[in-house]
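Trainee: Right, I'll just put the structure down here and ask away after.
The values are calculated or read from the model by the stated rules, or taken from the named source; none is laboratory data. Predicted model only: the values in this text are computed from it and were never measured. Cβ atoms come from the backbone with ideal geometry, glycine included; neighbour counts cover every protein chain shown. Surface accessibility is based on the protein's heavy atoms, side chains included, excluding ligands, DNA and RNA. Shrake-Rupley method; radii C 1.70, N 1.55, O 1.52, S 1.80 Å.
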Amino acid sequence: MKNIIFVAPPAAGKGTCSEKLTEKFNYKHISTGDLLREAKNKGDELGRKIEELMNSGALVSDEIVLTLLNNELKKMDKNQAFILDGFPRNVLQANALEDIFKDLQISDYVVIYLEIDFEKALNRTLGRLLCPNCKRGYNKDSALLKPKKDGICDDCGSALITRSDDTKETFEVRFNNYMNETNPVLKYYQDKNKLCRVSADNNIDEIMQQIERVI
Ligand code: AMP
């Protein structure tokens, strides 16, 4: 099983695909957004700084994200296949990841670009729900992704919440950041022959079929 790096605009489905792949193929799911949300919830000075940046839609500094990611990768069993969800988000992070992969002797990976347009991604953002306890994601506007009982997590029964950065205003900032900072990462991986495009403009089952063909 190849390691996977997801590169995509906000709400393209990185988190949902990662959850499904983890369930089916036993990947380790590493989401830098989740790592940052955990750090934010500690409520210390670093947490408050992260919260301010995330709520504005801006990227958190490369240094903070790299420290969290490095700690997570070091903890992992060498043979464990993993998914990187939300990293790299700029070319500097992509270069740093190359160095980490060299150190850990990782070369077997594919970069999956989930393609989606602005309007569709915005609609998905506004329908998103998250379980604050087990972190499972839902979408109230998708027949395949809505919870069985309104507002309640199917897995653990907790009340679902909306992410504080899933507003229209913050989405616009995040999408623009994606276009300016993250889009160049696609060319970086295309030049390395690592890039694979998957249309995220389908339902989750069709997206998963496309992904399973490339891993
Ligand atoms: P996500 O859960 O991937 O949508 O990320 C939520 C937010 O966390 C982003 O809008 C950024 O503020 C921050 N974030 C996540 N990953 C990164 C990263 N690799 N670099 C910088 N900021 C990040």
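Trainee: Going by what's in this entry, would Phe87 be described as buried (at least 18 other Cβ atoms within 10 Å of the Cβ) and away from the ligand (no atom under 12 Å from the Cβ)?
Mentor: Here the answer is no, as Phe87 does not meet what is asked.
Trainee: Let me ask something else about it. May I ask you to say which residue of Thr22, Thr32 is open to solvent by less than 80 Å² (accessible area, probe 1.4 Å), touching an Asp or Glu at 6+ places or on another chain (Cβ under 8 Å) and either within 26 Å of Val214 (Cβ to Cβ) or of a type outside the set (Gly, Ala, Ser) (or both)?
Mentor: Among Thr22, Thr32, only Thr32 is open to solvent by less than 80 Å² (accessible area, probe 1.4 Å), touching an Asp or Glu at 6+ places or on another chain (Cβ under 8 Å) and either within 26 Å of Val214 (Cβ to Cβ) or of a type outside the set (Gly, Ala, Ser) (or both).
Trainee: I'd like the residue in segment 131-151 that is touching a strand residue (DSSP E or B) at 6+ places or on another chain (Cβ under 7 Å) and open to solvent by 40 Å² or more (accessible area, probe 1.4 Å) and, out of all such residues, is farthest from Asp205 (Cα to Cα).
Mentor: Ranking the qualifying residues of segment 131-151, first place goes to Pro132.
Trainee: Look at segment 57-92 and say how many of its residues are free of Cβ contacts under 8 Å to residues at least 60 places away in the same chain and closer than 25 Å to Pro10 by Cα.
Mentor: Within segment 57-92, residues that are free of Cβ contacts under 8 Å to residues at least 60 places away in the same chain and closer than 25 Å to Pro10 by Cα number 15.
Trainee: What are the residues in segment 1-11 that are near the ligand (Cβ under 10 Å from one of its atoms) and in contact with a strand residue (DSSP E or B) (Cβ under 7 Å, 6 or more places away or on another chain), if any?
Mentor: Phe6, Ala8, Ala11
Every residue, every condition in (1) in a helix (DSSP H, G or I); (2) away from the ligand (no atom under 12 Å from the Cβ); (3) under 17 Å from the mean Cα position of the chain (by Cα), yes or no:
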{"residue": "Leu36", "(1), (2), (3)": "yes, no, yes"}
{"residue": "Gly47", "(1), (2), (3)": "yes, yes, no"}
{"residue": "Glu51", "(1), (2), (3)": "yes, no, no"}
{"residue": "Met54", "(1), (2), (3)": "yes, no, yes"}
{"residue": "Ala58", "(1), (2), (3)": "no, no, yes"}
{"residue": "Asn71", "(1), (2), (3)": "yes, yes, no"}
{"residue": "Asp77", "(1), (2), (3)": "no, yes, no"}
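Trainee: Identify all residues within segment 90-130 that are part of a strand (DSSP E or B) and either open to solvent by less than 10 Å² (accessible area, probe 1.4 Å) or over 22 Å from Gln210 (Cβ atoms) (or both); write none if there are none.
Mentor: If the condition is that a residue be part of a strand (DSSP E or B) and either open to solvent by less than 10 Å² (accessible area, probe 1.4 Å) or over 22 Å from Gln210 (Cβ atoms) (or both), then Val111, Ile112, Leu114, Leu129, Leu130 are the ones that fit.
Trainee: Just the residues that are open to solvent by less than 30 Å² (accessible area, probe 1.4 Å) and either in a loop (DSSP other than H, G, I, E, B) or among the hydrophobic types (A, V, I, L, M, F, W, C) (or both), please, taken from segment 159-177.
Mentor: Within segment 159-177, Leu160, Asp165, Asp166, Phe171, Phe175 meet the criteria.
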